[in-house]
Amino acid sequence: MSAQDNAEVGAALPKTPRDYLPLLLPAALALAALPFIPSSSTWVTLTIAGLAMGMMIFIMASGLTLIFGLMDVLNFGHGAFIAIGAYMATLVLVPLAGWMQADSVWLNLAAVVPAVILAMGATALLGLGFERIVIMPVYGQHLKQILITMGGMIVAEQILYAFFGPQQIPLPLPTTLRGSFLIGEAAVEKYRVVAVSVGLVVFVTMLLILNRTKIGLLIRAGVENTEMVEALGYRITRLFVGVFMAGSALAGLGGVMWGLYREQVNAAMGAELMVLVFIVVIIGGLGSVTGCFIGALLVALATNYAGFLVPKLALITDIALMVAVLLWRPRGLYPVTSR
Amino acid sequence: MSELLTLSGVETHIGRYHILHGVELGVAEGQTTMLLGRNGAGKTTTLRTIMGLWRASRGEIRLGGERIEALSTPDIARAGIGYVPETMAVFSDLTVRENLVLAAREGAMDPTRLDWIFGFFPPLKKFWLSRAGTLSGGQKQMLSFARSLIEPRRLLLIDEPTKGLAPAIIGALIDCLQEVKRRGATILLVEQNFRVAQEIGDMVGVMDNGRVVHTGTMAELAADQALQHRLLGLSLDTHQ
C-alpha cells in the first residue's frame, strides 16, 4: 500500500485522542515555582539548569526503560555503563587536555567527539557481553536478575578502582563550553544549553526510530508482547541484543555528559545515579521513552527548585514526586507494558 | 488429500505439568480442520506447541513433510504458518495500520489484499490510524484475523476466534473464514462454539486429557448426537 493510499484511507478517520496531560507537567511545575522564586532571572537559571540535568538523566534512563520494557530485565547494572562511559572518556580527554583547554571549537570537538565515540562504542560492546554472559541465563527470573546485575555493577565498580585508582579523575569542560550566556539578567551556562540540545536530539531521534521505522515498530510491539512478535516471524532475540547495546551506549553517553557536568568522574557515580534513573523510569511508566523524558524533566526541575527554596526538602523531592505521580497514575505517566 | 501438517506422538510439558500426552493429528491441505474438546483438553497447548511457543518434549511435528518441532517460533512462522491466538494479542500501542505493517513480513502490504480484508472487516478501514488498544473486543479480533491474512500463509492456526464476541461479529468472521477456505487455505481452528465449527469445518479432531480421541469429518460428528454427547458432553440441540 502506498503512502498516498494510506493517507487516503486515513484521511477521513477519527484519530485516537492523545493523552497530553503528562506533557504539560514540566511546564506546569516550572510555572508553579515562579511565584516562589525571588527574581525571574534566578527562575530562568534554575529552570535551564533543571532542564539540562533532566536531559542528562533522560539519556541515562532511556536505555534502561527500553531494556526493561522490551526484555523484562531489571538491570541494576545499568549504572556500571554510566561510570564506564565516563571513564572511557577520560582515556581520551585527559591525554588531550591541551586540546580541551585550547580556545578553539574545532580542537575542543576533536577531543570530545572521539571521547564520546569511544565511550559509546565501549559501553555498547560491554553491553553485548553483559547481555550474553550475565543476563541471558536469568531471563524471566527477576530476583536473580536483581542479584546478578547488582553484582555486575559492584564488580565493574571495583574493576574501575583497580584500573584507575580510588581517586576522582578531573574532567574539565572544554574551553568553548565554559562560561555563560546572558539572557536578560539571567546567566545560563553554555554547557547546560549543550546538554539540553543533546538531550532533545536523543529524544527526537528515539521517537523517530520508534515511530517511523520498522525496527521501531518491532521494539514497541516487543515491549508489549514478545511472543506475538516472534509468532509473526521476527527474531526478537537479535532485537534484544541490539536494544541492550543501544541502551548501554546511551548510558555511556550519559556518563560522559554527567562527568563533564560535574567536571570529575569516580567509580561510584553509576551506583549513585541509579536511584535517580530508576525513579525516572518508574515515574515515566515502564517501557515508555516519552514517559521517561517527562519523568526526567520533572525530577530534575523539582530537585532544582526545592534545592533553591528549601534545601533540606531536596533530599526527598524525588521520592515525593514519585509517590505523587504513582498515586495519580499507578502505572506511571505513559505505561507501555503491564509488567 | 495430502496432509500439510502432521503431529505424531506430540507431548508437551509446561513446567512440571504434563499437558499433551502423545497427540496424533493430521491437517489435510486445503481443508479446515476443527479442533474441539472441553476446557483444559489441550487444544490451545496443541496450537502453541505447533508454533513453538511451548516446546514439544517428545514427538514429531511436520509441515509439508519437514520437521518443525525443533525450529524457533520465528522460523516456524516463516515456514508459512499464521497464528491467531485466543488472546488476539494485537499490539495495543500500535495503530491498526502499524499492526498490519508488522504482519506483512515480506514487505509492503498488497493493496488488493488489503481491500479484500476491508471488505470483511470495514471497521479496520474506519479505525486505520487509531491505536489498536482503543478498539472493541470484536474489532481487535478482526485485526488479529487481518494480521494472519495480510499475506498468504500455508497454514492458519486460529484459537477460539468467536469467544465472547457479538453474533454480528461472529457472522463477519465466519464469512471471512468461508472466503479464505474458498481460496484454498488450510486451517486448523480451535472452537468451542459447535454451530460455528459445524458451519466451517471439513474435518474434526476431538481432544480430551491431552490426546486426540476422535478424528473424522465434521459432517459425521454433526450428524451423530450420541457421539457429540460422548466426546464433548453436548448435543447440537442443547447447544444453540
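Things to note:
- Gain upon complete extension [A:Leu200, A:Arg262; 0.36 nm per residue less C-alpha separation]: 20.3 nm
- Relative contact order of chain B, pairs being alpha-carbon contacts under 8 Å that are 6 or more residues apart, as %: 27 percent
- Contact order relative to length of the range B:93-152, as percent, for alpha carbon pairs under 8 angstrom and 6 or more apart: 56 percent
- The amide H of B:Val84, built 1.01 Å from its N in the peptide plane, has B:Leu157, B:Ile158, B:Asp159 as neighbours under 5 Å, considering only residues 5 or more places off or on other chains.
- Across A:Lys144/B:Lys163; A:Lys214/B:Lys163; A:Lys214/B:Lys140; B:Lys43/B:Lys181, pairs whose alpha-carbon gap is larger than 29 Å: A:Lys144/B:Lys163; A:Lys214/B:Lys163
- The Cα-based radius of gyration and maximum Cα-Cα distance (Dmax) for chain B are 17.4, 50 Å.
- Beyond 18 Å, the tail of the calculated P(r) for the range B:126-240 holds 55 percent of the Cα pairs.
- Sequence ranges A:33-46, B:97-110, A:60-73, ranked by mean other-Cβ count within 10 angstrom, highest first: A:60-73, B:97-110, A:33-46
- Kirkwood analysis of the range A:77-215, using all unique Cα-Cα pairs, places the hydrodynamic radius at 17.7 Å.
- Spacing of the modelled spin labels on B:His18 and B:Lys126, each 7 Å from Cα toward Cβ, amounts to 5.1 nm.
- Per the Debye formula on identical point scatterers at the alpha carbon atoms of the range B:93-152, with no solvent, log10 I(q)/I(0) at q = 0.20, 0.21 Å⁻¹ is -0.64, -0.71.
- Size of the protein assembly as shown as Cα extents on the principal axes (Å, biggest first): 89, 52, 42
- The range A:271-339 - convex hull of alpha carbons, volume per residue in Å³: 77 Å³
- Amide proton proximity set for B:Ser130, modelled H, under 5 Å, gap of 5+: B:Val96, B:Arg97
- Other-chain or far-sequence residues with amide H under 5 Å of A:Ser180's (modelled H): A:Lys190
- Reducing the range B:160-228 and the range A:85-143 to their Cα centroids gives an inter-centroid distance of 58 Å.
- Coupling constants for the range A:88-104 follow from the phi torsions by the Karplus curve (6.51 cos²θ - 1.76 cosθ + 1.60, θ = phi - 60°), and in residue order they are 4, 4, 5, 4, 9, 6, 5, x, 9, 4, x, 5, 5, 8, 5, 8, 9 Hz; glycine and proline get x.
- Placing dummy labels 7 Å off each Cα toward the beta-carbon, the span from A:Ile154 to A:Gln167 is 2.8 nm.
- Whole-number percent relative contact order across chain A, with pairs defined as alpha carbons under 8 Å at least 6 apart: 34 percent
- Taking a point 7 Å from the Cα of A:Ile215 along the Cα-to-Cβ direction, the residues of the range A:232-247 with backbone N closer than 16 Å to it are A:235-247.
- Karplus-derived HN-Hα couplings along the range B:134-142 (A = 6.51, B = -1.76, C = 1.60, θ = phi - 60°), whole Hz, x at Gly and Pro: 8, 6, 6, x, x, 5, 5, 5, 4
- Rg followed by Dmax, in Å, when chain A is reduced to its Cα trace: 20.5, 64
Values quoted throughout were computed directly from the atomic coordinates according to the rules given, and no laboratory measurement underlies them. Everything quoted here is computed from the prediction, not taken from an experiment. Every residue, glycine among them, receives a Cβ derived from its backbone with ideal geometry; neighbour counts consider all protein chains shown.
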